[in-house]
Amino acid sequence: MNVLVLGAGQLARMMSLAGAPLNIETNAFDVISQKVVHPLTQSVVNNDLEDAISRADVITAEFEHIPHDILTLCEKSGKFLPNTDAIKAGGDRRLEKTLLDSANVKNAKHYVIHTRQDFDEAIQYVGLPMVLKSALGGYDGKGQWRLKSMDDVDAVWCEMDQCIQASSGQAIVAEEFVPFDREVSLVGARGKNGEVVVYPLAENIHVNGVLSLSTAIEDRALQAQAKEMFTAVANSLNYTGVLALEFFDVKGTLLVNEIAPRVHNSGHWTQQGAETCQFENHLRAVCGLPLGSTTLIRPTCMINILGEDTLPDTILSTEGCHVHWYGKTKRPGRKMGHINVCAKSTSELQHLMCSLAEILDKNAYPAIHEYANKWQ
Ligand code: AMP
């Protein structure tokens, strides 16, 4: 099988690594350079997207902000999975909310803003405090505002209006501020035949809007609730592939924060913690192969490496630590790699995480230090 991935970042890279044992060959389309590259070496394998499309058995995507003309081209080939609607819903918060509402999936109260009058109506409807998010192009907490007091309305509107004017089709989605206890996510796969499998939920810790730690958790009641919501979204999109739902857990009730129509950072732990990793299951799904088991094989936590390109050697020599670099050039805050930390039991994992907090710098890995303070 030959799979063409739209996007040539770390997710395409990890798909390529997971596909090799199944004889699935992957190429990646770099949306910036407009070239088809090898996902590991980044060397150019084809300058012509249309030719690469005709050679591929299947086309899929590793991110949702894909130019619509490229999506149309891929959809026309009849080989593109999951589908354009799913990718568009993941890249536009308005479509995402419409999808959730029409699938009867709980999410935060919201209102779409194009004008100052809409903003006033949103304040009436949603109430303060509220979170405001750009409909297009926002990720990892970028393009967001918090409105806590009416004193700040003019200043926030000024920034939002600039954002709306800066790109065509842009709008702002106002959301009620959700007083969540924690953030969790569910990664799962839907096969071409409609079969749905999900991994255990992951509890996620974000720092400045960016994922920092993801830990697989076992919570039967929450898992059942999440799977029901996942299935509703996946079925209503007639989805094929891996899909992720991010939730707020409010006293045991889940609200969807966002959906990602692709393999997801909060599912990287599955590389060492699950019977079949999310990357392999995505390829299995889009290639029409049977889905692999999503069973948790050992307690696992993923630590994102942000803005750092080296690690102390002790990490590599520590039993249970698995390092994954993405081969990227260092930039402040950039996702450079991750460490999957595995143990035989939850208490051993907590112990191991506390010992890693002594090795990893507090400024670069603040969430592990918070974790260690909680469990020590
Ligand atoms: P997002 O880009 O939508 O994932 O938002 C980034 C982070 O902002 C989330 O992971 C939450 O920690 C926080 N956040 C987003 N939306 C809300 C909300 N409606 N209420 C409270 N916190 C939020």
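Of all residues in region 206-225, those that are aliphatic (A, V, I, L, M), open to solvent by less than 40 Å² (accessible area, probe 1.4 Å) and within 16 Å of the ligand (Cβ to nearest atom) total 3.
If only residues of region 133-156 that are open to solvent by 40 Å² or more (accessible area, probe 1.4 Å) and among the basic types (Lys, Arg) are counted, the one that is nearest to the chain's Cα centre (by Cα) is LYS142.
From the list GLU175, GLU159, GLU183, pick out the single residue that is open to solvent by 50 Å² or more (accessible area, probe 1.4 Å) and either more than 10 Å from the ligand (Cβ to nearest atom) or not in a loop (DSSP other than H, G, I, E, B) (or both).
GLU159
Look at (1) within 15 Å of the ligand (Cβ to nearest atom); (2) without any contact (Cβ under 8 Å) to a residue 12 or more places away in the chain and you find that VAL131 fails only one, number (2).
Conditions (1) among the β-branched types (Val, Ile, Thr); (2) within 17 Å of the chain's Cα centre (by Cα), marked per residue:
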site	(1), (2)
VAL242	yes, yes
LEU255	no, yes
VAL263	yes, yes
GLY273	no, no
LEU296	no, no
THR300	yes, no
GLY307	no, no
LEU311	no, no
GLY337	no, yes
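Residues of region 26-82 that are without any contact (Cβ under 8 Å) to a residue 12 or more places away in the chain and within 27 Å of GLU96 (Cβ to Cβ): ILE32, ASP69, GLU75, LYS76, GLY78. Contact map, region 341-355: residues that are more than 18 Å from GLY267 (Cα to Cα) paired with residues that are small (Gly, Ala, Ser), Cβ distance under 6 Å, separation 6+ or inter-chain. Pairs shown: LEU352/GLY320; LEU352/ALA343; CYS354/ALA372. Scanning region 312-336 for residues that are touching a residue at least 40 places away in the same chain (Cβ under 8 Å) and either closer than 23 Å to ARG13 by Cβ or among the acidic types (Asp, Glu) (or both) returns ILE315, HIS322, HIS324, TYR326, GLY327, LYS328, GLY333, LYS335. Each residue in region 245-261 was checked for being away from the ligand (no atom under 11 Å from the Cβ) and on the phi < 0 side of the Ramachandran plot, and 5 of them qualify.
Of all residues being open to solvent by less than 20 Å² (accessible area, probe 1.4 Å) and assigned to a strand (DSSP E or B) in region 258-275, which is farthest from VAL187 (Cα to Cα)? Just the residue, please. Among residues in region 258-275 that are open to solvent by less than 20 Å² (accessible area, probe 1.4 Å) and assigned to a strand (DSSP E or B), the one farthest from VAL187 (Cα to Cα) is ALA274.
Of all residues in region 168-191, those being touching a Gly at 6+ places or on another chain (Cβ under 8 Å) and under 18 Å from THR115 (Cβ atoms) number 1. For TRP145, the criteria (1) without any contact (Cβ under 8 Å) to a residue 40 or more places away in the chain; (2) more than 15 Å from the ligand (Cβ to nearest atom) hold in every case but one, which is (2). For region 187-199, the condition of being near the ligand (Cβ under 10 Å from one of its atoms) and in contact with a Lys or Arg (Cβ under 8 Å, 6 or more places away or on another chain) holds for none of the residues.
The values are calculated or read from the model by the stated rules, or taken from the named source; none is laboratory data. Everything numeric here is computed off the predicted structure, so don't read it as measured data. Every residue, glycine as well, gets a Cβ built from its backbone with ideal geometry; the counts of neighbours run over all protein chains shown. Just so you know, the surface numbers come from the protein's heavy atoms only, side chains and all, with ligands and any DNA or RNA stripped out. Shrake-Rupley method; radii C 1.70, N 1.55, O 1.52, S 1.80 Å.
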